[in-house]
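Just so it is clear, none of the values below were taken in a lab; they were calculated from the coordinates. Just so you know, these numbers come straight off a predicted model, no measurement behind them. Methodologically, a virtual Cβ is constructed for each residue, glycine included, from the backbone with ideal geometry; neighbour enumeration extends over all protein chains shown.
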Amino acid sequence: MTRLTVNDRPVHFLMDGDTPLLWALRDAANLTGAKYGCGNGDCGACTVIIDGQAIRSCLVTLEEVEGRYVTTIEALSGDRSHPLQQAMVAEGAIQCGFCTPGFVMAGAALLAQNPRAGREDIASAIPNICACGAGPRILRAIERAGRAIRSRERLDALPVPGIDPAKASQDVPAIAAPLPPEESEE
């Protein structure tokens with residue numbers, strides 16, 4: 001029985017202490033943003049933030065996270081307004097999307113510690129793997145998010161969820177308004 005805080009909520013897992021955190025999050029807490037990729041910490045798809053550090057959740061057990069604070073992609077920002085989430089969209093850095101939560105969490109942890117991280121800092125701190133080849137765009141997105149965090153750049157990649165689609169095209173010029181249906185000729 002393990003007690004920890006997940007996404008600012010106290011959680012008591014009634015699972016074996018040797019259970020990897022990834023499976024507790026996915027199977028018991030229904031937090032499926034962290035993905036199972038390789039199971040040995042190489043790919044980074046399962047990355048979450050534990051006490052401010054990006055950690056591969058497939059490599060830590062529930063026993064090891066007892067009493068700690070865990071943040072998953074589901075709680076990074078309730079309205080997807082985190083600068084890194086916005087920069088990922090603006091840079092076209094999301095391809096299949098499988099690795100995206102891991103990259104976002106690793107990048108968010110890095111930028112929280114060092115918003116001035118340069119390309120080399122990012123590459124060494126975030127060795128996640130993107131099989132689709134979006135890696136260079138992801139690195140640019142992390143750099144761009146750092147600039148936004150430092151107020152050096154404004155990001156308006158997407159409207160927040162819940163916005164009326166017709167209004168979205170006014171707020172975000174890259175999103176076209178739906179065309180009205182054509183009247184049928186009789």
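Taken along the Cα-to-beta-carbon direction at a fixed 7 Å, the label points for Asp51 and Asp18 span 2.4 nm.
Note on Asp27/Glu64: beta-carbon distance plugged into 1/(1 + (r/R0)^6) with R0 of 25 Å gives a FRET efficiency of 0.90. When every Cα-Cα distance of segment 31-129 is counted in 5 angstrom steps from zero, the calculated P(r) takes the values 2, 14, 24, 27, 20, 9, 3, 0 percent. With N counted as the residues of segment 19-65, its alpha-carbon radius of gyration over 2.2 N^0.38 Å works out to 0.99.
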